[in-house]
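Participant: Take this structure first; my questions come after.
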Amino acid sequence: MPINYINLQPQIKDYCEQAKSTNKSRTLKIDQVLDLLHRCADEISSGTLNNISTLSSPNYKNRCARPNSECVNQSFKINNNDQYVLLASDGSQITSTHHDALPISLINISGIFYQPNSRKSPEIQVSSEFIRNAENNISLDVISEDLVNLIRDVAEVGMLANWHFKTRLPIITISDGPLELFHAPRASADYQQLFQEYLETLEKIHQEGRILGGYIDKPRANLVIRMLEIIYQSISGLDLSGISDADIFFRLLEPGSRSAIFQLNSPSSNNYTGPLALHFFYLNVGRKDKPWIVRVEINKWAADNIINVRLLHQALLDQCRLMGSQPYPYILHRAHEEAVVHLDEKEKLTALLSFSLQQSGVEIASKSYKSSAKELQNRTRMK
Amino acid sequence: MADKNTEKTNINSPIGYVVGGGLKANLHIRLTVPAYSVQEGSFIVIKSGDWQFYSIATDLQLGAIDPRFADDKMENRLPPNIVSLLQDQTLYTNLVVLPSLMLESGPKLNSPEHTLWQESIDNGEKEQPRPLPVKTVPVHHAKAFLANKGNIAEIFGKETVDGNFVIGHTREQKHPVCINLDKLIQRSSGIFGATGSGKSFLTRIILAGLIDHDQSSVLVYDMHNEYGLDDTASDTGQNVIGLRSAFGRTKVQIVGLGSSADIRGLSPDFNLTLSYKDIMPEDVEMLTRELNLRETTAATLDALVQKFGRSGWFSAFKSMKHGKMIEQDGKLTPAPDSVAFWANQNGIHPMAAEGLHSKLKRLFNKPYIIENPPSDSIQAVTDSLKKGQHIILSFGKFESDLDYLLISNLLTRRIRTEWENMTNQFRNGKVSEPRQLVIIIEEAHKLLNREMAVQTTFSTIAREMRKYYVTLLIIDQRPSQIYDEVMSQLGTRICGWLGDDDDVHAVLSGLAGRDALRGMLARLQPKEEVLLLGWGVPMPILVRSRRYDADFYKEIKHSIKRKFDQKTAINALYPD
Amino acid sequence: MNDITAGRLLRSNTRGCVVGCHVSQPAPVFGSMINIPTKTGKVFGLVHDIHIDDDGLVRQLAAAGNLPDEVILDNRINRNVPVEMSIIFIGYSIENKISHSLPPRPPLSLDEMYICDPEDLRNFTNAGHFGYFRHVISRQDIPAGELLSAHLQAASTAQKVGGNPNWINEAIQEIIILLRDNHELMTNVLGAIGDAFPA
């Protein structure tokens, strides 16, 4: 049944009223945060910041930023013409449910290798794999979506680590989304093993000397705000809720500029140690009339190397400019395009499997009637 | 389609194909040659199956598949070769032709069917094909050709056949066109054309042909002394050979009017004088308009005839004195030899009689009308004509309409009587067949207008006298003035350019397809182009007339049709 | 005859078909004559439309401007967007006998398409008397003028080589005859042909 729009009318009105008043307070809060940020920067540089020790070590309970070596309110422009090569990966999957006639769990990973100024078309690799079990056999059971996602994430960074090519130029690898996996840690052995594999792959990328960045488009995190809240918790009545870091850096960063690099402090930070320690910075990939803030996660090995940071900064801007008015790294978009599995492909694959199984004399169960009912055709008109 | 600039029409190749039309509306031919290679008046042959259709082009019409193709000048927008191809397909010229005759030409020559067809003709199973009035139409896309020499000869006859006389040539290919002189003289004919269009030259050509063919005698009323002796052309200044110079005295005699007649200082072969006895009352009545006679004339003349007889009235009337009075009983009374006296005696109003007498003085004073001429010159003329000589009556200084009307009518009346008698006797088996006589009259509208036609003998001749071996050849520039009953009797009409619509209408009256030919007459070249039409020609045709010059006579004299036998000629002239 | 395939059939009906080609394949140009071998012979056609569809990414990239060669090549080579060609059928052959009528059956999916060489052009255009023009002229949805103009250019060149330089005049004449009841279309078609064959 369709939405009861009449029922919603007064609610829409309330929504707008609330948003209006929230917006007013948001602006005030943003101003306040900016003031605090500048104050924090001043106090760090003068050595007068009192609560900095609170952030000196990772606080497992707080998910927030911690100042790194750069001044927290500083912004950095780039004007590089250095040569580099780019490698990006993305992944897609087919997950099964109990309603399916055939449980299919599959990941589809794409990698794209792009060499700017080479006048060559990028190279593309796509790898499609059924999910295997611990015995390395194709799993015929229903596998949870969460696990499939994790397997996929691991495979994505695996693509970035294992694709080799001849070049003397710096290799910048980019993945879509944060480097910090949200699935980990879990208790089950599968998850543990996979997470471990993930960390090892990250280390491999490091060993390969590649620069790795996790690109988060439209970040909603408030890591820096949370940092300021903690530092200035003594200020009574300080309420910085309802705004995000992006709101702050919209005002702080000019187009093409990045923020200072921060350390990422989170419950899972413990897992990312040494050169794998997670850092991040904000980057304005938009235009003067249309700024756009993204967050880029990097590991410590990248954060400590300003040259790598500049290369990554430059590469991301170059890639986003290619997409014109809707800046997003071209290479990530292409990687997604090559990786994405459409719904009809699941159906085609199911049909292909069914046919092959029938040829082999294997009986196939039917899909659930609940699922079939959902797929009933809409009304048609006689022509 | 032929290249417009360079290619001439190949006479053996078709000029187009039939696309429409019919018997009533004429046939339409889509030209496949440039429009300028075909002209109005061209003789066109259409071949359709076993038949050939002979026709004359009467109109050319420009057309287009779509009027926009004609309006748009594509030369500015497309390359020349494409424009040429486009115009070939979208712009056309239709030739409108008037079909007149059809002839069965049989199956394709040298084919077995043709052999069978020919055999059936030879066996008498089938009639020998001859040109027939058109009764059907050719099929769509039947090919049309400009007539070749053979086509012309099929219809108009070969020039080598006795009786066929080349009157001119087709305009495009200059093929000779003949008229059959024997057929020409069977009915009265006419030569028409505006002043200066060459009627006199055309008449000379026809006369030369008739004289040379010698199957008829001609009597020419040469009002302006043009035909007998050599003359000088008014426009070119060149010598124009006279008929007497060309054929000699033996054949052609010039008769002068009056005893002391001379023609441009030269004496005629003999003189024509009239006796008083020759003047008949109807001769005078015919001159009513010319002499401005009153309505009482007829009564007065009748009284004179009653009194003095048909032969004596003129002499008697002439001798009466006009207005002579004597004194009697103290009163003036008309003298006994006066007109008034006679009038009173015979119940005629004296003033009417005196008025007539006064007006007849113009006749009384004519020097060629004498009481007792030395011989019957009218009879002499008649006898010459019967013997086969040709007479050119030159009026000399007597150039008035009165002279022309009187002499031509009077002489012709006598001739007509003579020929009627001969014919009746011939039909009774008493004498041999009379010799055909053609009387040539110029300014025919003076003698043959509506008013005069009923009074003169000429209209009778035009209507009836072909049965009596006498026909007319009338020459005129105002055919509209000629009595239409006379016009309708004309067999052959030879027409030069005519500017007046009424004249054109008159010439074409009574003929099929006259609407189609009307424009053609108005567009003839002012000189040397004539349209032949009527009963005497198989179908209308436009020709460029022959030139009347020394070469013309060379061609005639070297004709192999008949050899001139002097002994035969002398015996014919002097049988005793 | 060319033996390098220029594409494969995607869909077809009696009057024409759509062929998909990869950008790396030898591509026929607008107006080219092509042939598609079938079980019984060949189907002949003219390329009347070449279309390369766009999608959101291409539109966005085009608007951005200043594209590096790598991005352009990526879109041409890597992205699965084939060049599609629309073909109008103009005749067929069975056992080497050429007819200018529509083929009795259309070709099948994935049948290969080949570009006709000059000899093919001559053989086809010499068969009959330009009967195939009617297929082009009767279609309202194709650029008849430009198509005929392009075809005539190629065919006349082949005919000249074959010793018949007057072929082009005969062809133009036939077109004029077919179109003389349609002044507007005639003007368009002749204008296109006139541009291709200037004086």
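Participant: Counting only complete DSSP H runs, which helices of chain B cover 24 Å or more along their long axis at the Cα atoms and score a mean Kyte-Doolittle of -1.0 or above?
Facilitator: Numbers: long enough: B:401-427 (38 Å, -0.68).
Within chain B the helices that satisfy the rule are B:401-427.
Participant: Would you compute, from DSSP H runs of 4+ residues alone, the mean residue ellipticity of chain C at 222 nm, taking -39500 (n - 2.57) per run and dividing by the full residue count, rounded to the nearest 500?
Facilitator: -11000 deg cm²/dmol
Participant: If the only charges are +1 at each Lys and Arg Cβ and -1 at each Asp and Glu Cβ, what is the size of the charge dipole of the stretch B:278-364 around the Cα centre, to the nearest 20 debye?
Facilitator: 200 debye
Participant: Kirkwood Rh over Cα pairs of the stretch C:5-196 into Stokes-Einstein at 25 °C, 0.890 mPa s: D in µm²/s?
Facilitator: Numbers: Rh = 17.8 Å.
For these conditions, the coefficient is 138 µm²/s.
Participant: Now a separate question. Could you tell me what % of all Cα pairs in the protein assembly as shown have separations over 46 Å?
Facilitator: Values: 432690 of 669903 pairs.
I get 65 percent for the Cα pairs in the protein assembly as shown exceeding 46 Å.
Participant: The stretch A:241-311 to the stretch B:222-274: how many Å between their Cα centroids?
Facilitator: Comparing the Cα centres of the stretch A:241-311 and the stretch B:222-274, I get a distance of 136 Å.
Participant: Right, another one. How long are the three semi-axes of the equivalent ellipsoid of the stretch B:233-388, in whole Å, if each is the root of 5 times an eigenvalue of the C-alpha gyration tensor, listed from largest down?
Facilitator: 41, 17, 14
Participant: Give, to the nearest whole percent, the P(r) tail of the stretch B:439-565 beyond 23 angstrom, counting all Cα pairs.
Facilitator: That fraction is 40 percent.
Participant: In terms of Cα to Cα distance under 17 Å, which lysines are near enough to B:Lys307, apart from those fewer than 8 places away along the same chain?
Facilitator: B:Lys277, B:Lys318, B:Lys321
Participant: For chain B, compute Rh as the Kirkwood radius over C-alpha pairs and then the Stokes-Einstein diffusion coefficient at 4 °C and 1.567 mPa s; write the answer in µm²/s, rounded to an integer.
Facilitator: Roughly 48 µm²/s, to the nearest whole number.
Participant: If one takes the longest principal axis of the Cα atoms in chain A, at what angle in degrees, from 0 to 90 and to the nearest 10, does the Cα axis of helix A:5-46 lie?
Facilitator: Helix A:5-46 and the main axis of chain A meet at about 50 degrees.
Participant: Of B:Leu116, B:Leu60, B:Leu146, whose Cα points farthest to the positive end of the dipole of the stretch B:16-147 (charges on the beta-carbon: +1 Lys, Arg; -1 Asp, Glu; origin at the Cα centre)?
Facilitator: B:Leu60
Participant: Can I ask one more? At a 1.4 Å probe radius, carbon and sulfur cover how many percent of the accessible area of chain A?
Facilitator: Here carbon and sulfur together make up 49 percent of the probe-accessible area.
Participant: Please work out the Cα convex hull volume for the stretch B:278-364 and give it in Å³ per residue.
Facilitator: Value for the stretch B:278-364: 80 Å³ per residue.
Participant: Using only protein heavy atoms and a 1.4 Å probe, how much accessible area in total is buried between A and C, to the nearest 100 Å²? Display every interim value, and only then the final one.
Facilitator: Numbers: alone 21500 and 11030 Å², together 31150 Å².
It comes to approximately 1400 Å² buried between A and C.
Participant: Could I ask something else about it? Between the alpha-carbon centers of the stretch C:111-133 and the stretch A:1-47, tell me the distance in whole angstrom.
Facilitator: For the stretch C:111-133 versus the stretch A:1-47, the Cα centre distance is 72 Å.
Participant: Would you kindly find the accessible area of A:Cys71, with a 1.4 Å probe and non-protein molecules such as ligands, DNA and RNA excluded, rounding to the nearest 10 Å²?
Facilitator: Looks like 50 Å² after rounding.
Participant: Still on this structure: Tell me the net charge near A:Trp292. Cut-off is 10 Å between Cβ atoms, A:Trp292 excluded, with +1 for each Lys or Arg and -1 for each Asp or Glu.
Facilitator: Value of the local net charge: +2.
Participant: Right, something else. Would you work out the Kirkwood radius for the stretch A:301-340? I mean one over the mean of 1/r across all pairs of different Cα atoms, in Å.
Facilitator: Kirkwood radius, the stretch A:301-340: 11.0 Å.
Participant: Now for a separate question. Could you compute Rg(Cα) / (2.2 N^0.38 Å) for the stretch B:112-167, with N its residue count?
Facilitator: The reported ratio for this selection is 1.47.
Participant: Using the Cα atoms of the stretch C:116-199, I'd like the radius of gyration and the largest Cα-Cα distance, Dmax, both in angstrom.
Facilitator: 12.3, 35
Participant: Hey, how many Å between the Cα centroid of the stretch A:152-214 and the Cα centroid of the stretch C:38-59?
Facilitator: Taking the Cα centre of the stretch C:38-59 as reference, the centre of the stretch A:152-214 is 43 Å away.
Participant: Beyond 18 Å between alpha-carbons counts as too far, so tell me which of B:Lys251/B:Lys467; B:Lys251/B:Lys557; B:Lys366/B:Lys397; B:Lys158/B:Lys183; B:Lys199/B:Lys554 fall in that bin.
Facilitator: B:Lys251/B:Lys467; B:Lys199/B:Lys554
Participant: Something else about it: Please state, rounded to one decimal and in Å, the Kirkwood hydrodynamic radius that the stretch B:30-76 gives when every pair of distinct Cα atoms enters the mean of 1/r.
Facilitator: Its Kirkwood hydrodynamic radius stands at 13.2 Å.
Participant: Can I ask one more? Could you give me the radius of gyration and the Dmax of chain A, taking only the C-alpha atoms into account and expressing both in angstrom?
Facilitator: Just the Cα atoms of chain A yield Rg and Dmax of 24.1, 80 Å.
Participant: May I ask which residue of B:Leu243, B:Gly256, B:Leu332 lies farthest towards the positive end of the charge dipole of the stretch B:235-360, with charges of +1 (Lys, Arg) and -1 (Asp, Glu) on Cβ and the Cα centre as origin?
Facilitator: Most positive-ward Cα: B:Leu243.
Participant: In debye, nearest 20, what is the charge dipole magnitude of the protein assembly as shown about its Cα centre with +1 on Lys and Arg Cβ and -1 on Asp and Glu Cβ, if you could check?
Facilitator: Working: 122 positive and 133 negative charges, 500 e Å.
I would put it at about 2400 debye.
Participant: Principal axis lengths of the stretch A:94-244 from Cα atoms, whole Å, largest first?
Facilitator: Its Cα atoms span 60, 49, 26 Å along the three principal axes.
Participant: Tell me the accessible surface of A:Arg39 in square angstrom (1.4 angstrom probe, heavy atoms of protein chains only), to the nearest ten.
Facilitator: Looks like 100 Å² after rounding.
Participant: Remind me, what semi-axes does the stretch B:384-427 give for its equivalent ellipsoid, largest first in whole Å, using sqrt of 5 times each Cα gyration tensor eigenvalue? The partial results should precede the final answer.
Facilitator: On the way: eigenvalues 134, 35, 3 Å².
For the stretch B:384-427, the semi-axes come out at 26, 13, 4 Å.
Participant: Right, here's the next one. Using the Cα centre of the stretch C:5-196 as the reference point, and only Cβ charges (+1 on K/R, -1 on D/E), how large is the resulting charge dipole? Debye, rounded to the nearest 20.
Facilitator: Here the stretch C:5-196 has a charge dipole of around 600 debye.
Participant: Something else about it: Would you report the distance distribution of C-alpha pairs in the stretch A:256-305 as whole percents per 5 angstrom bin, up to the bin with the largest distance?
Facilitator: Bins of 5 Å from zero give 5, 21, 24, 19, 12, 9, 6, 2, 0 percent of pairs.
Participant: Cα convex hull of the stretch B:16-147: mean projected area in nm², to one decimal? Spell out each step's value before the answer.
Facilitator: Values: hull surface 39.5 nm².
The Cα convex hull of the stretch B:16-147, projected and averaged over all directions, gives 9.9 nm².
Participant: Same structure again: Just to verify a number: what accessible area does C:Glu146 come out at with the full protein assembly present, 1.4 Å probe, Å² rounded to tens?
Facilitator: 100 Å²
Participant: Another question about this same structure. Please report, for the Cα atoms of the stretch B:302-346, the Rg to one decimal and the Dmax as a whole number; what are they, in angstrom?
Facilitator: Final numbers for Rg and Dmax: 11.5, 38 Å.
Participant: Accessible area per residue for the stretch B:208-314 in Å², computed with a 1.4 Å probe and the full protein assembly in place, what is it?
Facilitator: For the stretch B:208-314, the solvent-accessible area averages 41 Å² per residue.
Participant: In addition: Within a 10 angstrom radius of each residue's Cβ in C:177-188, how many Cβ atoms of other chains show up on average? Whole number is fine. Intermediate values should be presented prior to the final figure.
Facilitator: Values: counts 5, 1, 3, 7, 3, 1, 8, 2, 0, 7, 7, 0.
That average works out to 4.
Participant: Let me ask something additional. To one decimal place, what Kirkwood hydrodynamic radius in Å is obtained for the stretch B:387-455 from all pairs of distinct Cα atoms?
Facilitator: Every distinct Cα pair counted, the radius reaches 14.0 Å.
Participant: May I ask for the net charge around A:Ile216, where only other residues with Cβ less than 12 Å from the Cβ of A:Ile216 are counted and Lys, Arg are +1 while Asp, Glu are -1?
Facilitator: Numbers: positive: A:Lys218, A:Arg220, A:Arg295; negative: A:Asp176, A:Glu180, A:Asp217, A:Asp245, A:Glu297.
Spelling it out: positives minus negatives among the neighbours equals -2.
Participant: Which residue, chosen from B:Ile279, B:Ile494, B:His349, occupies the Cα position most advanced towards the positive end of the dipole of the protein assembly as shown, where the dipole is computed from +1 (Lys, Arg) and -1 (Asp, Glu) charges on Cβ about the Cα centre?
Facilitator: About the Cα centre, the residue reaching furthest to the positive side is B:His349.
Participant: Below 25 Å, Cα to Cα, which lysines can A:Lys300 reach? Residues fewer than 8 away in the same chain don't count.
Facilitator: The reachable lysines, counting only those whose Cα sits under 25 Å from A:Lys300, are A:Lys61, A:Lys77, A:Lys204, A:Lys218.
Participant: Further question: Just tell me which aspartates and glutamates come within less than 15 Å, Cα to Cα, of A:Lys348; anything on the same chain fewer than 8 places away is out.
Facilitator: The reachable aspartates and glutamates, counting only those whose Cα sits under 15 Å from A:Lys348, are A:Asp100.
The values are calculated or read from the model by the stated rules, or taken from the named source; none is laboratory data. In this text, all values refer to a predicted model and were calculated from it rather than measured experimentally. Methodologically, a virtual Cβ is constructed for each residue, glycine included, from the backbone with ideal geometry; neighbour enumeration extends over all protein chains shown. Keep in mind that these areas ignore ligands, DNA and RNA; they rest on the heavy atoms of the full protein, side chains included. Shrake-Rupley method; radii C 1.70, N 1.55, O 1.52, S 1.80 Å.
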